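The values are calculated or read from the model by the stated rules, or taken from the named source; none is laboratory data. Everything numeric here is computed off the predicted structure, so don't read it as measured data. Methodologically, a virtual Cβ is constructed for each residue, glycine included, from the backbone with ideal geometry; neighbour enumeration extends over all protein chains shown. Areas reflect the complete protein model, heavy atoms only, side chains present, ligands, DNA and RNA absent. Shrake-Rupley method; radii C 1.70, N 1.55, O 1.52, S 1.80 Å.
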Amino acid sequence: MTALYQQVYRSIKHDIINGKFRPGDRIPSEKDLAEQFQVSRITSKKAIEKLMIEGLVYRQRGKGTFVSDKDKHSPDHKKPSKKPLFGLIMTSLDASFGNELVTSLLQGPEESHNFILRVSLGIPENEKRIIQELRELGVDGIAIAPAHSEHYNSEILKMVVNKFPLVLIDRSIKGIGVTTVSTDNEAAAQMGVNFLFQLGHEHIAILMPSNYKTTSIEDRITGIVQAYAENNLIVDRQLWYSEIHSTLPYPLSAKSEDVERIKHHIQSHPKITAIFALEYNIALLAKKAVEELYLQVPNDISIICFDSTPFSDMESNFTHLKQNEQKLGKMTTKRLIDMVNGNRKIENDYIDATLIKGITTKAIDK
């Protein structure tokens, strides 16, 4: 039996193809369709979304849903008649990670695509709202660096189910096929731990955000454990700490509380000689905690992290694992364009990171 939303979708599609609704015409609203076909609003909404995915209609916020250019849904149509418009959602933009990626996305050939950039501040509710707004604007695809959350919002899952062109940046959804472009976090973390081993460090504190059950952080943890195994060393998880809350968008008071927590962790485990911070902002907190304990980085405790700001006199030159943001951006654009042009094969691209030696690590004195 044909699903109800399919019946509504096919009826409207038939009316569009046969000229009852011409390009630029406003089609009935979700409410009107629900009454006309005696279905729920959810059913009529799903039918319209399917029409949007096929490019038959587009939405204008506050005005309604309108029929697209007829050429877009002609039988001979294979590629968009206009350059595609993509949405890009970032959790934040800063010098440690994000700026170069966005620059890479926006610097593509002008004739190939356009991007609309939005920032979610890492808040799932913001992310959900932004996705809805971008869909209403009629974007052809969306790239998302998802909010730091263990669970994905319903709008992301809806796009996956409806096969809407979507690329997740530096994250994946377990058990669900979706195209991702990510740093090889597992290999990068393994490289970082091996570097500390080479410097003679074995008692390494791993500092991670409290919401560490995300695929990027989990991959980094896997790489760390693998490095210990390959070096025939035992992981001492008592040295690991995950009660760090002051990643974006938390206030300064939360950062102070995290510094105090890290200080207590260091004092409780005096054998720690190195810290591996799985995010740059955590490295900043760790350095402050070490200094407030009247210890020195790297003479007393070395610090390595993922990402860092460009070296300058105003910032600490952290030893860090630098993600290739330019390559991440270029591959994200390529995957979106491929999907818009009809290639819906699920792809998972993993980009190598580079170890950059700074002034926050040193060998243990023998």
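The residue list Pro146, Asn343, Ala3 was ranked by how far each Cα lies along the charge dipole of the chain toward its positive end, using unit charges on Cβ atoms, and Ala3 comes out on top.
The heavy atoms of Thr309 present about 20 square angstrom of accessible area, all protein chains included, probe 1.4 Å.
Per atom type, the chain shows carbon and sulfur on 49% of its accessible surface, probed at 1.4 Å. In this calculation the C-beta distance from Gln296 to Glu136 is compared with R0 = 41 Å, giving a FRET efficiency of 0.15. As I understand it, the value is the acute angle between the Cα axis of helix 252-268 and the longest principal axis of the Cα atoms of the chain; what does it come to in degrees, rounded to 10? So the helix axis and the longest Cα principal axis differ by about 40 degrees. Ranking Lys174, Lys288 from most to least accessible surface, computed with a 1.4 Å probe over the protein chains only, gives Lys174, Lys288. Remark: accessible surface ordering of Asp300, Asp307 (largest first) is Asp300, Asp307, probe radius 1.4 Å.
On a 0 to 90 degree scale, rounded to 10, what angle separates helix 124-136 from the longest Cα axis of the chain? The angle comes out at about 30 degrees. Taking all protein chains together and rolling a 1.4 Å probe, Arg41 ends up with roughly 130 Å² accessible.
Taking every DSSP helix (H) stretch of at least 4 residues in the chain, weighting each as -39,500 (n - 2.57) and dividing the sum by the residue count yields a mean residue ellipticity at 222 nm of -12000 deg cm²/dmol. Go ahead and set up a Gaussian network model of the chain, Cα springs under 10 Å, then flag whichever of Leu56, Leu157, Leu106 fluctuates most. For the chain, modelled as a Gaussian network with Cα springs under 10 Å, the answer is Leu157.
Our estimate of slack between Asn348 and Ser210, defined as 0.36 nm per intervening residue step minus the Cα-Cα distance, is 47.0 nm. Protein heavy-atom accessible surface, 1.4 Å probe, per residue over the chain: 50 Å².
The 1.4 Å probe gives accessible areas that order Thr222, Thr215, largest first, as Thr222, Thr215. What's the local net charge at Asp32, with K and R +1, D and E -1, over the other residues with C-beta under 14 Å away? Overall, the nearby charge balance is 0.
Solvent exposure of Glu291, expressed as accessible area, is near 90 Å², computed with a probe of 1.4 Å over the protein chains only.
How about the stretch 102-204: which GluC sites (Glu not before Pro) there lie in a loop by DSSP and see at most 11 other Cβ atoms within 10 Å? Here the sparse-neighbourhood loop sites are Glu110, Glu111, Glu150. The slack in the chain from Lys174 to Ile42, taken as 0.36 nm per residue of separation less the alpha-carbon distance, amounts to 44.8 nm.
The calculated FRET efficiency for Arg129 paired with Ile364, based on their beta-carbon distance and R0 = 51 Å, is about 0.55.
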